[in-house]
Amino acid sequence: MTDAIVTFDKVTKSYDGTTQVVKSLDLELRRGEFLTLLGPSGSGKTTTLMMLAGFEEPSSGVITLDGRRLNNVPAHRRGIGMVFQNYALFPHLTVAENLAFPLQMHGKSKSEIPGLVKRALDMVQLGHLGDRKPVQLSGGQQQRVAVARALIYEPQLVLMDEPLGALDKQLREQMQLEIKHLHEKLGVTVVYVTHDQSEALTMSDRIAVFHHGVIQQLATPAELYERPTNAFVASFIGENNRLDGRLVSRDGELCRVRISEGTEVVAKAVVDLPIDAAVVLSIRPERVMIGDGEHGMNRYHARLEEVIYLGDHCKLRLAFGNTESFIAKTADTQAAGKMTRGDSVTVSWHPASCLALPPADAA
Amino acid sequence: MSTATATERGPARWMLRTTTILILIFLMAPIIVVFPLSFSSGELLTLPTPGYSWRWYDDFFNSSKWLLATRNSFIVGIATAIIATSIGTLAALGIFLGKFRGKALLVALMSTPMVVPVVVTAAAVYFAFSLVGLNNSLAGLIIAHTVLSVPYVLITVLATLQTFDRNLLKAAATLGAPPHIAFFRIVLPLIAPGVATGALFAFATSFDELVVALFVAGPEQFTLPRQMYAGLREFLSPTIAAAAVLLIVCSLVLLAVNETIRTRAVARSAPRADPAEPN
């Protein structure tokens with residue numbers, strides 16, 4: 001499982017010769033994994049995917065697939081499947097003809113093609129729609145056909161460029177699981193591009209968070225969520241409270257950070273930072289405890305600004321430190337319902353759930 | 001109020017109708033006049049005709065000159081259509097897919113034969129051909145007509161390509177199709193209506209063309225328009241009117257073919273009535 005199928009070695013891409021869209025990228029893809037490239041638009045994730053597919057050439061650096069250099073190998077000889085956001089089904093061919101196309105291109109004999117097409121259609125539960133034209137299918141059905149078409153000739157690597165971007169939320173969540181299950185069943189390596197962090201968390205073995213053409217962090221979903229290594233990752237993945245401050249002292253894993261108005265917080269130091277360095281504290285809303293906690297450290301008073309009722313839980317918006325939108329989540333909706341604006345609320349958190357991070361880009 | 005607008009609208013509408021009909025008559029009259037003339041039983045091109053007969057059509061189909069001209073017109077027209085369509089389609093595809101600056105300039109340059117007066121092109125072609133000995137040959141006529149026709153193909157195919165999704169080519173590549181296969185299996189079927197229209201335009205451009213034929217064609221290469229022109233100057237017989245009617249019929253057939261292709265393409269790209277079942 002751990003041998004590399006794809007490597008990027010100091011890959012750089014610039015369209016105009018001055019601005020680098022992708023900056024000296026090093027990345028190793030493991031065989032059989034589901035890797036997501038996650039980032040805001042313009043972060044370089046799509047360019048990275050296009051270089052791997054063969055639609056863009058790196059300005060410098062080397063990409064290899066199975067140890068073979070990919071530079072200057074045209075896309076149709078790379079043997080890399082791809083699913084596009086707008087499906088890119090051939091509109092003049094039926095669903096079955098769309099699926100037969102890659103088989104014909106890979107020299108499958110006429111006699112075995114119908115069987116393979118049928119198997120692929122069954123795989124995505126569209127067995128009865130082989131004779132339809134793509135325009136006669138719904139968006140979700142079209143994307144299933146597109147996925148089946150990319151997988152049917154059994155490429156070892158499949159790229160997906162925001163494939164669910166055009167679908168509504170409910171269908172998107174259903175398709176996320178379908179694609180994930182297909183991946184588990186077939187053992188194919190998948191590189192998935194999205195800007196939707198919950199989609200990335202749902203589907204991926206590992207996630208590479210892109211920002212300004214650089215991978216900010218490459219880790220499993222749980223690691224990214226629990227142990228982000230910089231403020232950008234912390235704020236991009238999941239909800240997050242952010243407090244700016246300066247490092248006062250360090251003692252092994254723990255450190256003290258003074259947030260602007262003189263309040264000090266005990267936090268977990270994620271990376272080595274010098275004393276008096278600017279740090280960003282990151283605390284997940286669900287890790288903020290309301291009321292008197294059991295441990296003595298990090299207990300503060302905050303002013304309640306707003307209670308947001310969300311059914312299974314409530315969000316409290318609090319004025320604390322230098323922010324008026326410090327969010328705490330509580331499952332005790334009854335207690336939260338009794339609070340009113342202006343109340344003083346005691347909040348506390350464990351030092352391990354409060355990460356002291358370098359500000360974005362300083363990583 | 002309502003009666004006032006009605007009375008105002010009455011004369012306005014009446015004037016619009018009259019003007020429209022008058023303009024249509026103005027446009028159609030010269031063409032319509034040719035029809036009775038071609039069926040005349042007399043020797044002269046005069047109206048009213050003394051009687052009606054098929055004699056000038058007989059004359060047309062029994063005259064070696066007219067038959068040669070018909071044959072030449074079809075040879076030159078079809079050859080021009082094939083060559084101009086190939087060149088124009090590939091040029092359009094290159095301009096559409098290529099990544100380079102100055103595309104608009106390139107299209108403008110390639111369209112110059114459409115803008116430059118034909119007589120200028122014809123004279124230039126005449127001098128150029130005299131250097132390489134292409135005057136008085138069908139090949140020369142085909143080349144000159146191709147020059148005139150390529151812009152029409154280029155522009156119709158470029159217009160069709162605007163609706164072509166480039167991702168389809170990327171998809172074809174990731175599915176293992178080399179560029180030439182992707183062209184024939186994916187691009188060409190999807191832009192076929194535009195290519196066919198371009199080919200018809202190219203054929204029609206050549207079929208109608210007189211000025212270049214005047215310069216370049218010798219008597220052996222006379223096309224139908226060139227033969228009609230010769231007929232007007234030499235002996236003014238109603239055979240010309242019969243030839244004119246045949247040309248008009250050809251044009252109408254081309255128009256009908258083009259319209260059929262267009263409506264079929266529209267029908268094919270629209271979803272069928274039965275709705276896709278939801279997920």
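Coordinate-derived values only; no laboratory data. Worth saying up front: this structure is predicted, and the values here are computed from it rather than measured. Backbone-built Cβ (ideal geometry, glycine too); neighbour counts: all protein chains shown.
Per-structure values
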read-out: Distance violations [Cα-Cα > 18 Å] among A:K315/A:K338; A:K118/B:K170; B:K99/B:K170; A:K268/A:K329; value: A:K118/B:K170; A:K268/A:K329
read-out: Cα long-axis angle, helix A:139-151 against chain A (0 to 90 degrees, to the nearest 10); value: 70 degrees
read-out: Candidates B:F100, B:F39, B:F183: whichever shows maximal mean-square fluctuation once chain B is modelled as a Gaussian network with Cα springs under 10 Å; value: B:F100
read-out: Rounded FRET efficiency, nearest 0.05, which uses the C-beta distance separating B:F184 from A:A4 and R0 of 35 Å; value: 0.40
read-out: Dipole of region A:66-220, positive end: most advanced residue of A:A200, A:Q136, A:G107 [Cβ charges, Cα centre]; value: A:G107
read-out: Cβ-based charge dipole, region A:5-80, positive-most Cα from A:V22, A:F34, A:P58; value: A:F34
read-out: For chain B, built as a Gaussian network whose Cα springs stay under 10 Å, the top-fluctuating residue of B:L247, B:L27, B:L210; value: B:L27
read-out: Cα pair count fraction exceeding 33 Å, expressed as % - chain A; value: 42 percent
read-out: Ranked list, fewest to most other Cβ atoms within 10 Å of each Cβ, for A:Y153, A:Y300, A:Y309; value: A:Y309, A:Y300, A:Y153
read-out: Selected from A:A352, A:P74, B:I32, residue furthest toward positive end of dipole (the protein assembly as shown; charges at beta carbon); value: B:I32
read-out: Ranking of A:M105, A:M160, A:M297 by count of other Cβ atoms within 10 Å, fewest first; value: A:M297, A:M105, A:M160
read-out: Top of A:D272, A:D343, A:D312 by mean-square fluctuation, Gaussian network on chain A, Cα under 10 Å; value: A:D312
read-out: Given chain B, longest segment not containing exposed loop trypsin sites (Lys or Arg not before Pro) (DSSP; at most 14 other Cβ within 10 Å); value: B:167-271
read-out: Cβ-based net charge around B:R71, under 12 Å, with every Lys or Arg adding one and every Asp or Glu removing one; value: 0
read-out: Gain on full stretching of the segment that runs from A:D122 to A:N72 - 0.36 nm per residue minus C-alpha separation; value: 14.3 nm
read-out: Average other protein chain Cβ within 10 Å of Cβ, residues B:183-193; value: 2
read-out: Size of charge dipole - the protein assembly as shown - debye, nearest 20, with Cβ of Lys, Arg +1 and Asp, Glu -1, no other charges; value: 1200 debye
